[in-house]
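All remarks here apply to the structure that follows.
The values are calculated or read from the model by the stated rules, or taken from the named source; none is laboratory data. Worth saying up front: this structure is predicted, and the values here are computed from it rather than measured. Glycine also receives a Cβ, built like all others from the backbone with ideal geometry; neighbour counts cover every protein chain displayed. Only protein heavy atoms, including side chains, enter the accessible area calculation; ligands, DNA and RNA are left aside. Shrake-Rupley method; radii C 1.70, N 1.55, O 1.52, S 1.80 Å.
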Amino acid sequence: MAELIAADKALEAALTLLRAGEVVAIPTETVYGLAGDATNGEAVARIFEAKGRPRFNPLIAHVADMAMAERIGVFDPLSRKLAEKFWPGPLTLVVPLRAGSGIHPLVTAGLETIALRMPKGFGGTLIARLGRPLAAPSANSSGKISSTSGEAVASDLGARIPLVVDGGATPVGLESTIVKVEDGRARLLRPGGVPAGEIEQVAGAPLLRGMTAGIEAPGMLASHYAPGAAMRLNADSVGEGEALLGFGPYRADGWQQARAFLNLSEAGDLREAATNLFAHLQALDRSGAELIAVEPIPFDELGEAINDRLARAAAPRDNPHV
Ligand code: TXA
Ligand code: MG
(Lines give C-alpha, C1' and ligand atoms only; values in the text may rest on other atoms or scores of the structure.)
(Ligands and ions follow the chains in the order given, each with its own letter.)
Protein backbone atom coordinates (compact mmCIF):
# COMPACT_ATOMS: atom_id res chain seq x y z
CA MET A 1 0.00 0.00 0.00
CA ALA A 2 1.33 3.42 -0.94
CA GLU A 3 2.76 5.70 1.67
CA LEU A 4 1.16 9.17 1.61
CA ILE A 5 3.73 11.88 2.41
CA ALA A 6 3.14 15.64 2.41
CA ALA A 7 4.93 17.38 -0.46
CA ASP A 8 7.15 19.53 1.78
CA LYS A 9 8.62 16.35 3.35
CA ALA A 10 8.59 14.00 0.36
CA LEU A 11 11.44 15.13 -1.88
CA GLU A 12 14.15 12.71 -0.67
CA ALA A 13 11.82 9.70 -0.52
CA ALA A 14 10.60 10.44 -4.04
CA LEU A 15 14.17 10.82 -5.36
CA THR A 16 15.27 7.54 -3.82
CA LEU A 17 12.38 5.65 -5.41
CA LEU A 18 12.78 7.31 -8.82
CA ARG A 19 16.53 6.59 -8.88
CA ALA A 20 15.69 2.94 -8.20
CA GLY A 21 13.37 2.84 -11.24
CA GLU A 22 10.19 2.97 -9.16
CA VAL A 23 7.08 5.05 -9.84
CA VAL A 24 5.79 7.84 -7.61
CA ALA A 25 2.53 9.79 -7.76
CA ILE A 26 3.21 13.53 -7.63
CA PRO A 27 1.12 16.69 -7.59
CA THR A 28 1.35 19.07 -10.54
CA GLU A 29 -0.63 22.27 -11.10
CA THR A 30 -3.02 20.40 -13.44
CA VAL A 31 -3.74 16.95 -11.98
CA TYR A 32 -1.65 14.34 -10.13
CA GLY A 33 0.88 12.51 -12.31
CA LEU A 34 2.21 8.97 -12.02
CA ALA A 35 5.90 9.66 -12.56
CA GLY A 36 8.86 7.53 -13.51
CA ASP A 37 12.34 8.18 -14.96
CA ALA A 38 11.67 8.71 -18.69
CA THR A 39 15.09 7.29 -19.60
CA ASN A 40 14.49 4.01 -17.74
CA GLY A 41 12.40 1.46 -19.65
CA GLU A 42 11.55 -0.55 -16.54
CA ALA A 43 10.26 2.53 -14.75
CA VAL A 44 8.14 3.48 -17.76
CA ALA A 45 6.79 -0.07 -18.02
CA ARG A 46 5.77 0.15 -14.35
CA ILE A 47 3.73 3.28 -15.12
CA PHE A 48 1.75 1.48 -17.84
CA GLU A 49 1.32 -1.53 -15.58
CA ALA A 50 0.05 0.47 -12.60
CA LYS A 51 -2.44 2.35 -14.80
CA GLY A 52 -3.48 -0.65 -16.88
CA ARG A 53 -2.75 1.55 -19.88
CA PRO A 54 -2.35 0.32 -23.48
CA ARG A 55 1.28 0.55 -24.49
CA PHE A 56 0.58 2.44 -27.69
CA ASN A 57 -0.64 5.47 -25.77
CA PRO A 58 2.38 7.76 -25.46
CA LEU A 59 3.29 9.69 -22.30
CA ILE A 60 4.25 13.29 -21.62
CA ALA A 61 7.89 13.84 -20.62
CA HIS A 62 8.12 16.50 -17.91
CA VAL A 63 11.18 18.74 -17.80
CA ALA A 64 12.71 21.16 -15.30
CA ASP A 65 13.92 23.84 -17.69
CA MET A 66 14.28 24.82 -21.33
CA ALA A 67 17.76 23.32 -21.64
CA MET A 68 16.40 19.90 -20.67
CA ALA A 69 13.51 20.35 -23.11
CA GLU A 70 15.86 21.19 -25.98
CA ARG A 71 17.98 18.11 -25.30
CA ILE A 72 14.89 15.98 -25.83
CA GLY A 73 12.88 17.76 -28.51
CA VAL A 74 13.55 19.93 -31.56
CA PHE A 75 11.86 23.32 -31.13
CA ASP A 76 10.66 25.38 -34.08
CA PRO A 77 10.31 29.15 -33.42
CA LEU A 78 6.58 29.04 -32.58
CA SER A 79 6.94 26.08 -30.19
CA ARG A 80 9.78 27.92 -28.45
CA LYS A 81 7.70 31.08 -28.20
CA LEU A 82 4.79 29.15 -26.66
CA ALA A 83 7.16 27.43 -24.21
CA GLU A 84 8.66 30.76 -23.17
CA LYS A 85 5.22 32.25 -22.66
CA PHE A 86 3.42 29.39 -20.88
CA TRP A 87 6.13 27.34 -19.10
CA PRO A 88 6.16 26.39 -16.36
CA GLY A 89 2.43 25.82 -16.71
CA PRO A 90 -0.43 23.72 -18.06
CA LEU A 91 0.70 23.56 -21.72
CA THR A 92 2.13 20.45 -23.41
CA LEU A 93 4.00 20.86 -26.69
CA VAL A 94 4.41 17.98 -29.16
CA VAL A 95 7.70 18.39 -31.04
CA PRO A 96 10.00 16.11 -33.08
CA LEU A 97 12.05 13.81 -30.85
CA ARG A 98 15.76 14.61 -30.93
CA ALA A 99 18.14 11.77 -31.88
CA GLY A 100 20.13 10.63 -28.85
CA SER A 101 17.66 12.18 -26.41
CA GLY A 102 17.95 9.20 -24.07
CA ILE A 103 14.16 8.97 -23.79
CA HIS A 104 13.06 5.35 -23.62
CA PRO A 105 10.97 4.43 -26.72
CA LEU A 106 8.11 3.19 -24.49
CA VAL A 107 7.49 6.83 -23.54
CA THR A 108 6.70 7.86 -27.12
CA ALA A 109 5.16 4.50 -28.04
CA GLY A 110 7.54 4.51 -30.99
CA LEU A 111 6.38 7.88 -32.39
CA GLU A 112 8.94 10.28 -33.85
CA THR A 113 7.47 13.11 -31.81
CA ILE A 114 7.43 13.70 -28.07
CA ALA A 115 5.02 15.53 -25.79
CA LEU A 116 6.91 17.88 -23.42
CA ARG A 117 5.73 19.91 -20.45
CA MET A 118 7.39 21.93 -17.69
CA PRO A 119 5.24 21.64 -14.55
CA LYS A 120 5.05 24.12 -11.69
CA GLY A 121 5.73 23.36 -8.05
CA PHE A 122 6.82 20.03 -6.57
CA GLY A 123 7.23 18.31 -9.96
CA GLY A 124 9.58 20.99 -11.24
CA THR A 125 11.75 20.84 -8.14
CA LEU A 126 11.83 17.05 -8.23
CA ILE A 127 12.91 16.91 -11.89
CA ALA A 128 15.63 19.51 -11.34
CA ARG A 129 17.03 17.47 -8.44
CA LEU A 130 16.80 14.19 -10.35
CA GLY A 131 18.44 15.80 -13.39
CA ARG A 132 16.32 13.66 -15.68
CA PRO A 133 12.94 14.02 -17.36
CA LEU A 134 9.95 12.31 -15.75
CA ALA A 135 7.39 10.47 -17.83
CA ALA A 136 4.05 11.05 -16.16
CA PRO A 137 0.52 10.36 -17.30
CA SER A 138 -2.34 11.40 -15.07
CA ALA A 139 -2.31 9.29 -11.88
CA ASN A 140 -5.49 7.28 -12.42
CA SER A 141 -6.41 3.85 -13.72
CA SER A 142 -6.59 4.08 -17.50
CA GLY A 143 -9.95 5.39 -18.72
CA LYS A 144 -10.94 6.72 -15.30
CA ILE A 145 -11.23 10.29 -14.09
CA SER A 146 -7.92 12.04 -13.38
CA SER A 147 -7.11 12.55 -9.70
CA THR A 148 -6.88 16.05 -8.27
CA SER A 149 -6.03 15.13 -4.66
CA GLY A 150 -3.57 12.84 -2.93
CA GLU A 151 -6.38 10.80 -1.35
CA ALA A 152 -8.03 10.23 -4.74
CA VAL A 153 -4.73 8.84 -6.09
CA ALA A 154 -4.23 6.64 -3.04
CA SER A 155 -7.71 5.14 -3.27
CA ASP A 156 -7.37 4.42 -7.01
CA LEU A 157 -3.72 3.32 -7.36
CA GLY A 158 -2.54 2.96 -3.74
CA ALA A 159 -2.33 -0.84 -3.88
CA ARG A 160 -0.06 -0.74 -6.92
CA ILE A 161 2.47 2.03 -6.17
CA PRO A 162 4.88 2.72 -3.30
CA LEU A 163 4.41 6.48 -2.73
CA VAL A 164 1.85 9.24 -3.18
CA VAL A 165 3.26 12.73 -2.66
CA ASP A 166 0.39 14.73 -1.22
CA GLY A 167 0.32 18.35 -2.34
CA GLY A 168 -3.36 18.92 -1.59
CA ALA A 169 -5.87 19.88 -4.26
CA THR A 170 -4.33 20.72 -7.65
CA PRO A 171 -4.89 24.39 -8.56
CA VAL A 172 -5.96 24.00 -12.21
CA GLY A 173 -7.88 20.73 -11.90
CA LEU A 174 -7.79 19.84 -15.61
CA GLU A 175 -5.00 18.27 -17.65
CA SER A 176 -2.72 20.43 -19.75
CA THR A 177 -3.65 21.81 -23.15
CA ILE A 178 -1.78 19.87 -25.87
CA VAL A 179 -0.55 21.73 -28.95
CA LYS A 180 1.52 20.63 -31.92
CA VAL A 181 3.06 23.05 -34.40
CA GLU A 182 2.85 21.92 -38.03
CA ASP A 183 4.52 24.05 -40.70
CA GLY A 184 4.40 27.11 -38.48
CA ARG A 185 0.72 26.64 -37.49
CA ALA A 186 -0.33 25.43 -34.05
CA ARG A 187 -2.88 22.60 -33.83
CA LEU A 188 -4.96 21.97 -30.70
CA LEU A 189 -4.70 18.24 -29.90
CA ARG A 190 -6.43 18.46 -26.51
CA PRO A 191 -8.10 21.45 -24.85
CA GLY A 192 -6.91 21.90 -21.27
CA GLY A 193 -5.64 24.23 -18.57
CA VAL A 194 -4.52 27.02 -20.91
CA PRO A 195 -7.57 28.37 -22.78
CA ALA A 196 -7.24 28.16 -26.58
CA GLY A 197 -7.75 31.92 -26.89
CA GLU A 198 -4.60 32.64 -24.86
CA ILE A 199 -2.52 30.45 -27.17
CA GLU A 200 -4.05 32.09 -30.25
CA GLN A 201 -3.04 35.50 -28.92
CA VAL A 202 0.60 34.44 -28.65
CA ALA A 203 0.54 32.50 -31.95
CA GLY A 204 -1.14 35.41 -33.72
CA ALA A 205 -3.46 33.02 -35.59
CA PRO A 206 -6.41 30.74 -34.87
CA LEU A 207 -5.50 27.24 -33.74
CA LEU A 208 -5.97 24.42 -36.23
CA ARG A 209 -8.46 21.96 -34.80
CA GLY A 210 -9.36 18.34 -35.30
CA MET A 211 -7.11 15.38 -35.77
CA THR A 212 -4.73 14.77 -38.58
CA ALA A 213 -4.47 11.19 -39.90
CA GLY A 214 -4.35 8.43 -37.30
CA ILE A 215 -4.65 8.74 -33.55
CA GLU A 216 -2.52 11.70 -32.61
CA ALA A 217 -3.52 11.82 -28.97
CA PRO A 218 -5.11 8.59 -27.81
CA GLY A 219 -6.43 10.50 -24.80
CA MET A 220 -8.77 11.99 -27.41
CA LEU A 221 -10.50 8.62 -27.87
CA ALA A 222 -14.22 8.96 -27.34
CA SER A 223 -14.73 7.16 -24.03
CA HIS A 224 -12.28 8.41 -21.46
CA TYR A 225 -12.39 9.87 -17.98
CA ALA A 226 -15.36 7.61 -17.33
CA PRO A 227 -17.18 7.50 -14.00
CA GLY A 228 -19.17 4.36 -13.15
CA ALA A 229 -22.51 6.15 -13.53
CA ALA A 230 -23.99 7.07 -16.91
CA MET A 231 -23.98 10.78 -17.72
CA ARG A 232 -26.50 13.12 -19.33
CA LEU A 233 -25.15 16.49 -20.43
CA ASN A 234 -26.90 19.84 -20.87
CA ALA A 235 -29.66 18.65 -18.56
CA ASP A 236 -32.49 21.13 -17.98
CA SER A 237 -34.28 18.76 -15.60
CA VAL A 238 -33.43 16.02 -13.12
CA GLY A 239 -35.16 12.65 -12.81
CA GLU A 240 -35.78 10.92 -9.48
CA GLY A 241 -32.73 9.10 -8.19
CA GLU A 242 -30.36 10.92 -10.53
CA ALA A 243 -27.41 12.91 -9.22
CA LEU A 244 -26.98 16.49 -10.42
CA LEU A 245 -23.77 18.30 -11.29
CA GLY A 246 -24.64 21.97 -11.35
CA PHE A 247 -23.03 25.10 -12.71
CA GLY A 248 -23.90 28.67 -11.79
CA PRO A 249 -26.76 30.13 -9.76
CA TYR A 250 -29.75 28.68 -11.70
CA ARG A 251 -30.91 25.07 -11.13
CA ALA A 252 -32.32 22.47 -13.49
CA ASP A 253 -36.00 21.65 -12.94
CA GLY A 254 -36.62 19.13 -10.19
CA TRP A 255 -33.18 19.57 -8.68
CA GLN A 256 -34.58 19.16 -5.17
CA GLN A 257 -35.26 15.50 -5.86
CA ALA A 258 -31.70 14.77 -7.00
CA ARG A 259 -30.08 11.91 -5.09
CA ALA A 260 -26.96 14.05 -4.70
CA PHE A 261 -26.12 17.56 -5.82
CA LEU A 262 -22.82 19.41 -6.20
CA ASN A 263 -22.19 22.75 -7.89
CA LEU A 264 -19.01 23.22 -9.96
CA SER A 265 -19.23 26.96 -9.29
CA GLU A 266 -22.12 28.77 -7.67
CA ALA A 267 -20.80 32.04 -9.14
CA GLY A 268 -20.50 30.57 -12.65
CA ASP A 269 -16.70 30.91 -12.62
CA LEU A 270 -15.07 28.54 -15.13
CA ARG A 271 -11.72 28.43 -13.34
CA GLU A 272 -13.39 27.34 -10.13
CA ALA A 273 -15.45 24.83 -12.12
CA ALA A 274 -12.31 23.31 -13.67
CA THR A 275 -10.75 22.91 -10.25
CA ASN A 276 -13.82 21.09 -8.93
CA LEU A 277 -14.69 19.00 -12.00
CA PHE A 278 -13.03 15.63 -11.32
CA ALA A 279 -13.50 15.64 -7.55
CA HIS A 280 -17.22 16.45 -7.92
CA LEU A 281 -17.69 13.75 -10.59
CA GLN A 282 -16.04 11.23 -8.29
CA ALA A 283 -18.14 12.28 -5.32
CA LEU A 284 -21.41 12.08 -7.30
CA ASP A 285 -20.33 8.69 -8.65
CA ARG A 286 -19.87 7.49 -5.07
CA SER A 287 -23.44 8.58 -4.24
CA GLY A 288 -24.56 5.40 -5.97
CA ALA A 289 -26.74 7.20 -8.55
CA GLU A 290 -26.97 5.35 -11.85
CA LEU A 291 -27.03 8.60 -13.80
CA ILE A 292 -25.35 11.95 -13.32
CA ALA A 293 -27.22 14.83 -14.98
CA VAL A 294 -25.01 17.81 -15.80
CA GLU A 295 -26.27 21.36 -16.22
CA PRO A 296 -25.14 23.30 -19.33
CA ILE A 297 -21.68 24.82 -19.14
CA PRO A 298 -20.57 27.59 -21.52
CA PHE A 299 -17.83 26.78 -24.04
CA ASP A 300 -15.70 29.90 -23.66
CA GLU A 301 -12.30 30.01 -21.91
CA LEU A 302 -11.76 26.88 -19.77
CA GLY A 303 -15.31 25.81 -20.64
CA GLU A 304 -13.97 24.20 -23.81
CA ALA A 305 -11.79 21.78 -21.83
CA ILE A 306 -14.51 21.17 -19.22
CA ASN A 307 -17.06 20.31 -21.93
CA ASP A 308 -14.46 18.11 -23.66
CA ARG A 309 -13.91 16.03 -20.50
CA LEU A 310 -17.64 15.81 -19.81
CA ALA A 311 -18.33 14.63 -23.38
CA ARG A 312 -15.72 11.86 -22.97
CA ALA A 313 -17.13 10.89 -19.58
CA ALA A 314 -20.60 10.67 -21.18
CA ALA A 315 -19.52 8.75 -24.31
CA PRO A 316 -20.93 5.22 -24.83
CA ARG A 317 -18.82 2.59 -23.06
CA ASP A 318 -19.65 -0.41 -25.30
CA ASN A 319 -16.20 -0.19 -26.87
CA PRO A 320 -14.28 1.34 -24.02
CA HIS A 321 -10.65 2.04 -24.62
CA VAL A 322 -9.10 1.60 -21.20
O1 TXA B 1 -1.70 17.91 -17.23
C2 TXA B 1 -1.29 16.89 -17.80
O3 TXA B 1 -1.03 16.88 -19.00
C4 TXA B 1 -1.10 15.64 -16.92
C5 TXA B 1 -0.03 15.95 -15.90
C6 TXA B 1 0.31 14.76 -15.06
O7 TXA B 1 1.11 16.45 -16.54
N8 TXA B 1 -0.73 14.55 -17.73
C9 TXA B 1 -1.59 13.92 -18.59
O10 TXA B 1 -1.04 12.83 -19.20
O11 TXA B 1 -2.73 14.28 -18.78
P12 TXA B 1 -1.89 11.74 -19.96
O13 TXA B 1 -0.93 10.66 -20.29
O14 TXA B 1 -3.08 11.36 -19.18
O15 TXA B 1 -2.29 12.45 -21.29
C16 TXA B 1 -1.29 12.76 -22.24
C17 TXA B 1 -1.87 12.84 -23.61
C18 TXA B 1 -2.39 11.51 -24.11
O19 TXA B 1 -3.67 11.72 -24.67
C20 TXA B 1 -1.40 11.12 -25.18
O21 TXA B 1 -2.00 10.39 -26.20
C22 TXA B 1 -0.91 12.46 -25.66
O23 TXA B 1 -0.82 13.21 -24.50
N24 TXA B 1 0.42 12.37 -26.27
C25 TXA B 1 1.56 11.97 -25.69
N26 TXA B 1 2.58 11.98 -26.58
C27 TXA B 1 2.06 12.40 -27.73
C28 TXA B 1 2.61 12.64 -29.04
N29 TXA B 1 3.89 12.42 -29.32
N30 TXA B 1 1.78 13.09 -29.99
C31 TXA B 1 0.48 13.34 -29.73
N32 TXA B 1 -0.10 13.13 -28.51
C33 TXA B 1 0.68 12.67 -27.55
MG1 MG C 1 -4.98 10.79 -18.47
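Points to keep in mind about this one:
- Tally of residues being crowded, with 24+ Cβ neighbours inside 10 Å, within 16 Å of ligand 2 (Cβ to nearest atom) and assigned to a loop (DSSP other than H, G, I, E, B) across the range 97-136: 2
- Only one entry of LEU245, LEU310, LEU284 meets the criterion of being within 19 Å of the chain's Cα centre (by Cα) and open to solvent by less than 40 Å² (accessible area, probe 1.4 Å), and that entry is LEU310.
- Residues being of a type outside the set (Ser, Thr, Tyr), in contact (Cβ under 8 Å) with a residue 60 or more places away in the chain and over 18 Å from VAL165 (Cβ atoms) - total across the range 23-54: 8
- Condition check for GLY143: open to solvent by less than 30 Å² (accessible area, probe 1.4 Å) and at pLDDT below 95: yes
- Hits in the range 83-96 - residues which are closer than 20 Å to GLY33 by Cβ and either surrounded by fewer than 18 Cβ atoms within 10 Å (Cβ to Cβ) or touching a Lys or Arg at 6+ places or on another chain (Cβ under 6 Å) (or both): PRO88, THR92, VAL94
- Any hit, the range 23-41, residues being at pLDDT below 95, over 18 Å from the mean Cα position of the chain (by Cα) and part of a helix (DSSP H, G or I): yes
- Looking across the range 21-55, the residues that are more than 23 Å from LEU189 (Cα to Cα), open to solvent by less than 10 Å² (accessible area, probe 1.4 Å) and more than 16 Å from ligand 2 (Cβ to nearest atom) come down to GLY21, VAL24, ASP37, ALA43.
- The range 258-278, residues that are at pLDDT below 95 and either surrounded by fewer than 19 Cβ atoms within 10 Å (Cβ to Cβ) or in a loop (DSSP other than H, G, I, E, B) (or both): ARG271, GLU272
- Hey, PHE75 away from ligand 1 (no atom under 13 Å from the Cβ) and aromatic (Phe, Trp, Tyr) or not: yes
- Here PRO58 passes the criteria (1) outside any strand (DSSP E or B); (2) touching a Ser or Thr at 6+ places or on another chain (Cβ under 8 Å); (3) open to solvent by less than 20 Å² (accessible area, probe 1.4 Å); (4) not aromatic (Phe, Trp, Tyr) except the one numbered (3).
- Boolean, ALA252 is out of contact with any helix residue (DSSP H, G or I) (no Cβ under 7 Å at 6 or more places or on another chain), of a type in the set (A, V, I, L, M), open to solvent by less than 50 Å² (accessible area, probe 1.4 Å) and at pLDDT below 95: no
- Selection from the range 195-205 of residues that are open to solvent by 10 Å² or more (accessible area, probe 1.4 Å) and within 14 Å of TRP87 (Cβ to Cβ): GLU198, VAL202
- Taken over the range 141-154, the criterion of being over 20 Å from PRO316 (Cβ atoms) and touching a Phe, Trp or Tyr at 6+ places or on another chain (Cβ under 9 Å) is satisfied by SER146, SER147, THR148, SER149, GLY150, ALA152, VAL153.
A quick yes/no check of all residues on (1) under 23 Å from GLY241 (Cβ atoms); (2) touching a helix residue (DSSP H, G or I) at 6+ places or on another chain (Cβ under 7 Å):
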position	(1), (2)
LEU277	yes, yes
HIS280	yes, no
ALA283	yes, no
ARG286	yes, no
GLU295	yes, no
GLU301	no, yes
